[in-house]
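A.B. asks: The structure follows.
Every number here is computed from the coordinates shown, using simple stated rules; none is lab data. The structure presented is a predicted model; accordingly, all values stated were derived computationally and were not measured. So basically every Cβ, Gly included, is an ideal-geometry build from the backbone, and we count neighbours across all protein chains shown.
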Amino acid sequence: MRKVVLLFFLFALTLLASAQIKVSDNQRFLATKDGKPFFWLGDTAWELFHRLTREEADEFLEIRKQQGFNIIQAVALAEFEGLRNSNRYNDFPLVDLDPTKLDTTPGDNPSNPAEYDYWDHVDYIINKAAEKGMYIGLLPTWGDKVAHLWGDGPIIFNPENAEAYATTLATRYSKQWNIIWILGGDRPAVYKAKKDGIEIDYDDRPVWNAMAKGIENVLGKEAFITYHPWGGRLSSSQYVHEEEWLDMNSFQSSHGSREIEAWKLVTRDLELNPRKPTLDMEPCYEDHPVNPWDGKWTRQRGYFTAYDVRARIYRGVFAGACGVTYGHHHIWQFLNPDLNPPVNVGDTLIGWKKALHAEAAGQMQHLKKLMLSRPYFSRIADQSLITSELGNSYIDLAYATRDFDNSYAMIYLPQAKSISIDLSKISGNEKTVWWFNPRTGESIKQKSSKGKSVETFTPPSNGKDWVLVIDDASRNYKLP
């Protein structure tokens, strides 16, 4: 009898320790374990474990909590010489660059350098996030430790040690409810690269599959695992979509152009079988130089602004993404010029503490609240709502989403121009109309509309972008 009780306890503990989110029943969105909508609002904090002290991590997490973020994405084996440069406490993650040997010491007293090791510091930050009700999107490694591409590296993984390393991490965090596993780390799984002047085809899927296997060896299928690819049009769906361990796709619309049509990447992913949710895990970073890598960057080309961030993110979400990850160029690297130089030509020295309060960082919570203010799982994209010109570029393309039952519609306008909407697409004879301000989260109620005709709506003039919200009045939805 005791054995049965013990086995039940261990099983229950495993379920408790697994991430408390799952894929929704329609495979398009995310839900909590009790079935409530979960809107992924992430932040890229790649160097969090590597470059911040305990006190700095506390400050960062608290502010992000206040700003409504629920997932902080960070890397265990960091990008910037994460294996050969110590963290802020002069500790390293591995013994002799061997991923099967974590560099750990007995004890975890932060006042005793002989006890407090690299992984104690990772533990501390993960636990602190849990205290604040936040997930850590944990990347076991940045992709330069796997892929034969750019980066500091060194390449240390093969399928055998990748499985062993992931098993070790999953065991270490088996009691943590707030871990979401993210493989990939800004690298493709299949690619071409030159070695000794000869172009070679590489396929790193055996390494990533082994890492996923190591996680599931400990946590089972309850572990939530996704993949962060490199930038451009290639989503994780082009590499590992059919792998059973992949719960959610992601893509990286990235920082090379303002013209990336992220909404098309969402549509492409959602048309695949088996259906899996998808999102933009790395859109344009606020205050990032626009394409600084071609050797032609000047300040005239400029930086991505809060508007650029909103314009890309809102249309991606309205196209059907299950959330989004925001990023600020000085947060992901935790820029402190007294400790580390900026990574790109043209980087302004904002510094990470000031960047915490950047304009778009405070605005992302308005998107999350808007999407959760209406029936969530039944949301679909529908451009047929718009009868006037849709627009045809990043600059002017309006994007519409609605409830499958037609009880509401939302239309993002990147420019404050009049737009005509087919009201027959929305149920009910009387319609409640709002203008939602994505900069402030405030809603302005308009005169109600009646009937099933086409009607033209003109946004307020004080602001570049707006969201038009139209409800079936009989549903009595709350203020968006």
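A.B. asks: Can you find, among 349, 255, 106, the residue sitting farthest towards the positive end of the charge dipole of the stretch 14-372, where Lys and Arg contribute +1 and Asp and Glu -1 at Cβ?
C.D. replies: Value: 255.
A.B. asks: I've got another one for you. How high is the relative contact order of the chain, in percent, with contacts defined as C-alpha pairs under 8 Å that are six or more residues apart?
C.D. replies: Rounded, it is 12 percent for the chain.
A.B. asks: Rg and Dmax in Å for the stretch 33-161, alpha carbons only: what are they?
C.D. replies: For the stretch 33-161, the Cα radius of gyration and maximum Cα-Cα distance read 15.5, 45 Å.
A.B. asks: Over the stretch 93-156, one equal point on each Cα, no solvent: what is log10 I(q)/I(0) by the Debye formula at q = 0.24 Å⁻¹?
C.D. replies: Log-scaled intensity ratios, in q order: -1.04.
A.B. asks: List the aspartates and glutamates whose Cα lies under 16 Å from the Cα of residue 431, skipping any in the same chain that are fewer than 8 positions away.
C.D. replies: 403, 405, 422, 455, 471, 472
A.B. asks: Let me ask you something else. What angle do you read, to the nearest 10 degrees and between 0 and 90, between the alpha-carbon axis of helix 2-17 and the longest principal axis of the chain?
C.D. replies: Once rounded, the angle reads 60 degrees.
A.B. asks: To continue, here is another question. Based only on Cα atoms, what mean projected area does the convex hull of the chain have, in nm²?
C.D. replies: Averaging across all directions leaves 25.1 nm² for the Cα convex hull.
A.B. asks: Here's a follow-up. Which entries in the list 145/195; 368/464; 192/213; 425/452 go over 18 Å, if you measure between the two C-alpha atoms of each?
C.D. replies: 368/464; 192/213
A.B. asks: Next question, about the same structure. Give me Rg over Rh for the stretch 202-307, both radii from the alpha carbons and Rh done the Kirkwood way, two decimal places.
C.D. replies: When Rh is taken as the Kirkwood radius, the ratio is 1.06.
A.B. asks: Go ahead and run the numbers for FRET between residue 96 and residue 63, Cβ-Cβ distance against an R0 of 22 Å, rounding to 0.05.
C.D. replies: With R0 = 22 Å, the Cβ-Cβ based efficiency is 0.05.
A.B. asks: Once Rh for the stretch 150-279 is found with the Kirkwood sum over Cα pairs, what is the Stokes-Einstein diffusion coefficient at 20 °C and 1.002 mPa s, in µm²/s?
C.D. replies: Roughly 136 µm²/s, to the nearest whole number.
A.B. asks: Mind giving me the nanometre distance, one decimal, between the label points for residue 297 and residue 54, set 7 Å out from Cα along Cα→Cβ?
C.D. replies: Distance between label points: 3.6 nm.
A.B. asks: Can you tell me the dipole magnitude for the stretch 313-468 around its Cα centre, using point charges on the Cβ only (Lys, Arg +1; Asp, Glu -1), in Debye to the nearest 20?
C.D. replies: The dipole magnitude comes to about 400 debye.
A.B. asks: Pull out the extension gain between residue 424 and residue 474, defined as 0.36 nm times the separation in residues minus the alpha carbon to alpha carbon distance; nm, one decimal.
C.D. replies: 16.5 nm
A.B. asks: Please list, by residue number, everything in the stretch 120-148 whose backbone N is under 19 Å from a paramagnetic label point 7 Å out along Cα→Cβ of residue 353.
C.D. replies: No residue passes the distance filter.
A.B. asks: Any idea what the dipole of the chain comes to, in debye rounded to 20, about its Cα centre with Lys/Arg Cβ at +1 and Asp/Glu Cβ at -1?
C.D. replies: 1820
A.B. asks: Please find the FRET efficiency linking residue 343 to residue 456, where r is the Cβ-Cβ separation and R0 is fixed at 56 Å, and quote it to the nearest 0.05.
C.D. replies: 0.75
A.B. asks: Any chance you could list the semi-axes, whole Å, largest first, of the equivalent ellipsoid that the Cα gyration tensor gives for the stretch 322-480, using √(5λ)?
C.D. replies: They are 36, 16, 14 Å, listed from largest to smallest.
A.B. asks: Among the listed pairs 36/478; 447/478; 132/264; 369/445, give every one whose C-alpha distance is greater than 26 Å.
C.D. replies: The answer is 132/264.
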